[in-house]
1. Please turn the phi angles of the range 78-90 into ³J(HN,Hα) values with the Karplus equation 6.51 cos²θ - 1.76 cosθ + 1.60 (θ = phi - 60°), one per residue in order, whole Hz, x for glycine and proline.
2. Pick out which of Leu177, Leu67, Leu105 has the largest mean-square fluctuation in a Gaussian network model of the chain, springs linking Cα atoms closer than 10 Å.
3. Anyone know which of Arg17, Arg169, Arg184 comes out most mobile in the 10 Å Cα GNM of the chain?
4. Across the range 136-142, in residue order, what do the Karplus-derived ³J(HN,Hα) couplings come to in whole Hz, using 6.51 cos²θ - 1.76 cosθ + 1.60 with θ = phi - 60° and x for Gly and Pro?
5. Mind listing the long-range amide H neighbours of Gly83? Cut-off is under 5 Å, sequence gap 5 or more, other chains count too, H placed in the peptide plane at 1.01 Å from N.
6. Quick one: work out the % antiparallel among DSSP beta bridges in the chain, nearest 5.
7. Under 10 Å, Cα contacts only: if you run a Gaussian network model on the chain, which one of Ala95, Ala62, Ala186 comes out with the highest mean-square fluctuation?
8. In whole Hz and in residue order, list the ³J(HN,Hα) couplings for the range 48-65 that follow from phi through the Karplus curve 6.51 cos²θ - 1.76 cosθ + 1.60, θ = phi - 60°; x for Gly and Pro.
Amino acid sequence: MVKLTSGSSSEQGLNRRIVVGEIMAGLDDAAIVTGLGSPTYDVASVEDRDRNFYLWGAMGAAVALGLGLALARKDLDILVVTGDGEMLMGMGSLATVAVKSPENLSILVLDNGLYGETGMQQSHAGLGCDLSEVAAGCGIQNSWKISTYGELQEVKTKFQSRGSVRFLRAIVENEELERVMPTRDAVENKLRFRKSIDADGLGQ
């Protein structure tokens, strides 16, 4: 593991795709919403599933969409995988998530302290904004921050288990990995996702 070049120099960075793979492995049947950019490539690199919904350009909307799905489909586990920049833009949604607190919603934020899609500029998370503390301050009781593989193993089962809503901020390495590109056809993305979760039958 290497030190991050942004944020606290005392924090170790995790490989983002190892984190995503470990979390997805415990949520095989979950519907997954991804924030734009690297989280989409990360999830697709583990498995390009029909139950993955890729938000290509809707920056800031990943958690809000995940919340709506969780409330509409309580029979499904919903996992949101996004980055610190996207989460910062949609930060207000965490307050509504806390109020509603659906037991089937998990939120994973991959935090490298950078805006990866626009040139690796430093984000507010890299300048001291602790998104796990923000989530806790909004009222999300199960909020964790991890920066080592030991911490990932300690928290993984709790994060994957139903209860009140869960928020996990993973400090990841500052690295540009190969882009694994799933479909960018918005209609195809929507239709295959709807079919995979039986949207027309509403889980009946």
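1. Running phi through 6.51 cos²θ - 1.76 cosθ + 1.60 with θ = phi - 60° gives 10, 10, 9, 10, 8, x, 5, x, 5, 5, 4, 5, x Hz.
2. Most flexible of the set in this elastic network: Leu177.
3. Arg184
4. Once rounded to whole Hz, the list reads 5, x, 6, x, 7, 5, 8.
5. Here Gly35, Leu110 satisfy the definition.
6. Details: 3 of 28 bridges.
Restricted to the chain, the bridges split so that about 10 percent are antiparallel.
7. Ala186
8. Using θ = phi - 60°, the values come out as 8, 9, 4, 7, 8, 10, 8, 8, 4, x, 8, 5, x, 9, 4, 5, 4, 5 Hz.
We did not get these values from a lab; they are worked out from the coordinates using the rules stated. Remember, predicted model here, so these are calculated numbers, not experimental data. Here the Cβ is made from the backbone with ideal geometry for all residues, glycine too, and neighbour counts use every protein chain on show.
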